[in-house]
Amino acid sequence: MASKFTKLLEPLTIGPLTLRNRVAMAALTRSRSVPTNVPNDINLEYYVQRARGGAGLITTEGTLICQQGTEWQNAPGIWNQDQVSAWKRITDAVHAEGGVIFNQIWHLGRASHPDAPEQKASGMPVYAPSDIAARGGKFRFLPGHPGYVTPVAIEDPRILIDLYKQAAINAKEAGFDGVELHGANGYLVHQFLDSTSNKRTDAYGGSIENRARFGLEILKELVSIWGSKRVAVRLSPAGGYNDMGMPLQENIDTFRYFISQADLLDLGYISLIRHIPAMDPEFDGNHRATKHDVLKTYRPCIKKSALLLNGDLTPEEANQLIVAKEIDAAVFGTLWIGHPDLAKRIEQDIPLDTKLDLKTLYGGGAQIPYEQQKKGYTDYPAARL
Ligand SMILES: Cc1cc2nc3c(=O)[nH]c(=O)nc-3n(C[C@H](O)[C@H](O)[C@H](O)COP(=O)(O)O)c2cc1C
């Protein structure tokens, strides 16, 4: 039977890479690299299931570029050799299934906690562009479930940029097809971009050009390691998560500049998250995000890189947007959690009817026995084809 989603299922060429379809899997933190931060056998199984399920592009969950105390316990890293070797097993297995896999590289900035065991072990304070705390956060594994703290302002941003560069070198050794810079959802790159979290007076703060400098310098380093088409960036210009959002015109001008400059680097893709309620928290009775039409506002800034869109997309809408040449590929998040064979289901018109178990979205820490970590992770069934 011919699928009604013809365009969504068409291959996409990105430089040297061919994606077998345009059904991409979003970065999804699942907190299951127990007992520490090294990818394990259940992580391997999870990614293989989704490669077997036809994903055109898999982006890994946010992967830490150095040891940090994240709210999401047992997030994996890419800063040491054990992690590199463990990821290599995963990339080999994904490639054996015909998949393409990018590593999403992540630094949390002020969204870490100094009392989190991993942060303590790192011997580093919680760093951010400026000493301004984010509202929100909930470190459930710490007494009293504290939120975010006032961070220490980074003295020399180049030291952080070098950490991203080293992570990109490590990701190459780990056999990935490319790297996606996590510039979204209020983490470090986003904290530099946003004038409410960046009050620096040096070359990395103040004007739009200065606030954009940190992310753009990272992208240039990543390109020097990987070549341009194997580098990507993810952005959430209309996301309020982790206390982000500027006045509308400043927000638009900032992201138009950043996206245009990133596009000049001829990246593999620029992945945009549009406004979705789940990423728009309320503080003091007000929604935080700067709500606007992400696709319409930034589409004209992207001329060389592929444009990927995410945020409450259905296969129907994604297909229409590709037909209309508005986007090149669609990124699905939660749909991939419950449907390990999402792309195959779309191909064969099988209903996307799995109900997500919200309690098992995140692994719940190393205290949960290994076998139980599979629940809500690798036990969502594929459809019988
Ligand atoms: C459990 C979970 C974990 C997530 N982890 C990440 C992450 O590590 N990196 C990231 O950029 N976005 C992350 N996100 C956001 C998703 O990638 C995506 O933007 C969001 O789910 C919206 O897409 P959807 O409407 O298709 O689900 C996460 C979302 C969920 C639900």
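The values are calculated or read from the model by the stated rules, or taken from the named source; none is laboratory data. All values derive from a computational prediction rather than experimental measurement. Cβ: placed from backbone, ideal geometry, glycine included. Neighbour counts: every protein chain shown.
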Quiz item: Quick check: anything in segment 60-73 in contact (Cβ under 8 Å) with a residue 12 or more places away in the chain, of a type in the set (Gly, Ala, Ser) and touching a Leu at 6+ places or on another chain (Cβ under 6 Å)?
Solution: no
Self-check item: Subset of segment 67-82 (residues that are away from the ligand (no atom under 16 Å from the Cβ) and out of contact with any Asp or Glu (no Cβ under 8 Å at 6 or more places or on another chain))
Solution: Trp79, Asn80, Gln81, Asp82
Exercise. For Val94, state whether it is within 14 Å of the ligand (Cβ to nearest atom), surrounded by 17 or more Cβ atoms within 10 Å (Cβ to Cβ), farther than 30 Å from Pro151 by Cα and of a type in the set (Val, Ile, Thr).
Key: no
Practice problem: Those residues that are among the charged types (D, E, K, R) and buried (at least 17 other Cβ atoms within 10 Å of the Cβ), I need them from segment 173-216; list them, please. | Solution: Asp177, Glu180, Asp194, Arg200, Arg211, Arg213
Quiz item: When Ala329 is evaluated against the numbered criteria (1) modelled with pLDDT of 95 or more; (2) within 12 Å of the ligand (Cβ to nearest atom); (3) touching a helix residue (DSSP H, G or I) at 6+ places or on another chain (Cβ under 8 Å), which criterion, by number, is the only one it fails?
Solution: (2)
Quiz item: Are there any pairs, at least 6 apart or on different chains, whose C-beta atoms fall under 9 Å, with the first in segment 17-42 and touching a residue at least 40 places away in the same chain (Cβ under 8 Å) and more than 26 Å from Ile273 (Cα to Cα) and the second of a type in the set (Ser, Thr, Tyr) and more than 16 Å from the ligand (Cβ to nearest atom), and if so, which?
Solution: Val34/Tyr370; Pro35/Tyr370; Val38/Ser85; Asn40/Tyr370; Ile42/Tyr370
Exercise. Return yes or no: is Ala278 loosely packed, with under 15 Cβ neighbours inside 10 Å, within 16 Å of the ligand (Cβ to nearest atom), assigned to a helix (DSSP H, G or I) and not charged (D, E, K, R)?
Key: yes
Self-check item: Number of positions in segment 189-223 that are within 21 Å of the chain's Cα centre (by Cα) and in a helix (DSSP H, G or I)
Solution: 18
Quiz item: For segment 29-51, which residues satisfy the criterion of being of a type in the set (D, E, K, R), more than 12 Å from the ligand (Cβ to nearest atom) and under 17 Å from the mean Cα position of the chain (by Cα)?
Solution: Arg50
Practice problem: Return the residue satisfying two criteria in turn: it lies in segment 14-28 and is in contact with a Pro (Cβ under 9 Å, 6 or more places away or on another chain) and part of a loop (DSSP other than H, G, I, E, B), and of such residues it is farthest from the ligand (Cβ to nearest atom). | Solution: Arg20
Exercise. Pick out the one residue from Phe102, Phe139 that is at pLDDT 95 or above, surrounded by 19 or more Cβ atoms within 10 Å (Cβ to Cβ) and part of a loop (DSSP other than H, G, I, E, B).
Key: Phe139
Self-check item: Selection from segment 217-238 of residues that are surrounded by 23 or more Cβ atoms within 10 Å (Cβ to Cβ) and over 25 Å from Leu19 (Cβ atoms)
Solution: Ala238
Exercise. Please state which of the following conditions Arg110 fails to meet, knowing it meets all the rest: (1) within 16 Å of the ligand (Cβ to nearest atom); (2) closer than 23 Å to Gln191 by Cα; (3) of a type in the set (Lys, Arg).
Key: (1)
